[in-house]
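Before any comments, here is the structure.
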Amino acid sequence: MQIGDLIRRAGRQFGAAPALVYGDRMVTFAGFDDLTDRLAHALLARGLEPGDRVAVVLPNGIDGVVVYYALAKAGLVRVPLNTRETAHEHAYKIDDSQARALVHAGDPPAETEFMITAAELPGLIAGAPPGPCDERRDPDAPLRLAYTGGTTGKPKAVVLTTRSELAEVANFLVDLLPNLHPGSVMLHAAPITHGSGAFFLPHLVKGAPNVIVPKFSPSAFLEAAQKHRATSTFMVPTMIAMLLEDPATARADLALERLCYGGAPIATSVLQRGIDVLGPVFAQLYGQAEAPLAITCLQPWEHTPERLTSAGKPYTFVEVQVRGTDGQVLGAGAVGEVLTRGPHTMHHYWRRPEATAETIEPDGWLHTGDIGRWDDEGYLHLLDRRHDVIISGGFNVYPREVEDALLSHPAVVEAAVVGLPDDTWGERVAAAVVTRSPADPAEILDFCAGRLAGFKRPRTVEIWPDLPTSPVGKSLRREVRDRMVAAPVAHAAS
Ligand code: AMP
């Protein structure tokens, strides 16, 4: 089975029904199969060869999707780049991936051997023959390169294959979205270069349209969700928090059955408010670029108050373990590193054999770098990223737990907790918060005192106008820490 086979079959089965919708542009299932076939032929005719990397910098829209799946049909390796990143970041990834071609919307960040603009695509497609690119592709050959968030060090590219992509589709269909049918509608409000893109094929194969909006905002989301009667969507937690801040959300007439969220920890206060406002539609997924969006999931009916701190249970066909520092497999209650194994995991890190060897065991187990523990009923609770754990006076402090406490303060909308070097304690806990109304740092510190053990309490809290986030909305604690080290502002705790 190839990605192209799924698209071809959907084209035959759902022919003239809408497969892709963007503003007033629509592409049918049969049309999508034809466009991607022709563009695949056109790219190969230009001189690109299967296995070549093709960087794509296109905004959310139909062109990007057509290019992605034409590349898959041609055996070319997609390197999707987020348009919110800088030209400098793009140039690094184009160089690192040794991209032979770049598809862009104008103002290219780097020169490659083949330069293709979005405006040229219709001409390329019109001039190419129809019909499939027939070659059988190796299921373990690279299909796409996904750059890690870069929350530590230089971004590394994760190599994902046809085998991993098909496993991801299967995992979603079995566990996350088991009831998709031609009446379902997926709304892509987040960048399709990232998490949202994983929802494209599961909907396509079931005959459901994928509706794309250019850029997330609460109003753009609400308008499209109501207009198209969206049943599924994907958001990172920051987007959910923004949506809930908009009073129009509670009044909207939505048809959502699944609001899938993940990619970063969510504050329980945000999640509870989300359920109160939008109903029992939340489905959490925990994954990472190395194991795309399918390690564990928390189903809507599992969102009970005592489970809101959990990332759920392993997907049916995914293995998950928590291991201690000397590699022993841990049972309920014990804290260790999360590992996963299955066809969904990456093949290797692109041109980084040492990092690959550190991350994947010879028997296929992949180290996620996340710290977690099982509870008695088999739910995984994530504490934090291994490298974000703060060690203060010999105690481990998980920033996420402190951020959760801060976010339960009525004025606090965003929080980032980091460890700063400290002569006495090794590291001390420091927080930066964004507030929705004027607030007093000393009062926020007092509030934490009632909720957190002494060693976990922030020693300082700073109120910032906003917090640094990655282009996909993840909080960048490393940058918060760097800024604090560069410009210390002391509000000493009492
Ligand atoms: P990335 O590879 O950039 O997608 O980042 C993946 C990381 O985000 C994971 O290793 C986790 O640390 C975090 N993450 C993803 N999903 C969740 C989730 N549902 N809950 C908590 N953390 C998550």
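For region 391-486, the relative contact order is 28 percent, taking Cα pairs closer than 8 Å that sit 6 or more residues apart in sequence and dividing their mean separation by the residue count. With all projection directions averaged, the alpha carbon convex hull of region 439-478 covers 3.8 nm².
Restricting attention to the chain, lysine pairs at least eight places apart or on different chains and with alpha-carbon atoms under 24 angstrom apart total 13.
Remark: spin-label model distance A453-D95 equals 4.6 nm, labels positioned 7 Å along the Cα→Cβ axis.
For R46 and F395, FRET efficiency with R0 = 60 Å and r from the beta-carbon atoms, rounded to 0.05? With R0 = 60 Å, the Cβ-Cβ based efficiency is 0.50.
Once the Cα atoms of helix 87-96 and of the chain are each reduced to a long axis, what angle between those two axes, in degrees from 0 to 90 to the nearest 10, is obtained? Around 70 degrees separate the two axes. Where both bridge residues fall in the chain, DSSP classifies roughly 60% of the beta bridges as antiparallel.
Stretching the chain fully between T117 and E377 yields a gain of 88.4 nm (0.36 nm per residue, less the alpha carbon separation). The alpha-carbon positions of the chain define a convex hull whose volume is 148 Å³ per residue. Across region 23-176, the volume of the C-alpha convex hull divided among the residues equals 139 Å³ per residue. Once both labels are positioned 7 Å from their Cα atoms along Cα-to-Cβ, the gap between A255 and A332 label points is 4.2 nm. Relative contact order for the chain using alpha-carbon pairs under 8 Å, separation at least 6, rounded to a whole percent? So the answer I get is 10 percent.
Note on the chain: with charges restricted to the Cβ of Lys and Arg (+1) and Asp and Glu (-1), its dipole about the Cα centre is near 640 debye. The alpha carbon radius of gyration of region 342-450, expressed as a multiple of 2.2 N^0.38 Å, is 1.40. Between the alpha-carbon centres of region 281-344 and region 170-235 there is a gap of 23 Å.
The Stokes-Einstein estimate for region 48-130, based on a Kirkwood radius over Cα pairs and taken at 4 °C with 1.567 mPa s viscosity, is a diffusion coefficient of 101 µm²/s.
How large is the Kirkwood hydrodynamic radius of region 391-486, counting all unique pairs of alpha carbons, in Å? After inverting the pairwise mean of 1/r, the radius is 13.4 Å. Which of P182, Q321, A126 sits closest to the plus end of the dipole of the chain, meaning its Cα is farthest towards the positive end, when Lys and Arg get +1 and Asp and Glu get -1 on the C-beta? Ranked along the dipole, the leading option is A126. If R0 is taken as 45 Å, the Cβ-Cβ distance between T86 and E361 corresponds to a FRET efficiency of 0.80. Scanning the chain for trypsin sites (Lys or Arg not before Pro) that sit in a DSSP loop and have at most 13 other Cβ atoms within 10 Å, the longest stretch containing none of them is 216-350. State log₁₀ I(q)/I(0) for region 265-414 at q = 0.11, 0.15, 0.17 Å⁻¹ as given by the Debye formula over alpha-carbon point scatterers of equal weight, solvent excluded. Taking Cα atoms of region 265-414 as identical point scatterers yields -0.46, -0.84, -1.05. By the count of neighbouring beta-carbon atoms within 10 Å, fewest first, D175, D482 end up ordered D482, D175. Counted by neighbouring Cβ atoms within 10 Å, the residues L298, L44, L71 run from fewest to most as L44, L298, L71.
Readers should treat all values here as calculations from the given coordinates under stated rules, not as data from a laboratory. Keep in mind it's a predicted model, so treat the numbers as computed, not measured. Because the Cβ atoms are built from the backbone with ideal geometry, glycine has one as well, and the counts that use them run over all protein chains shown.
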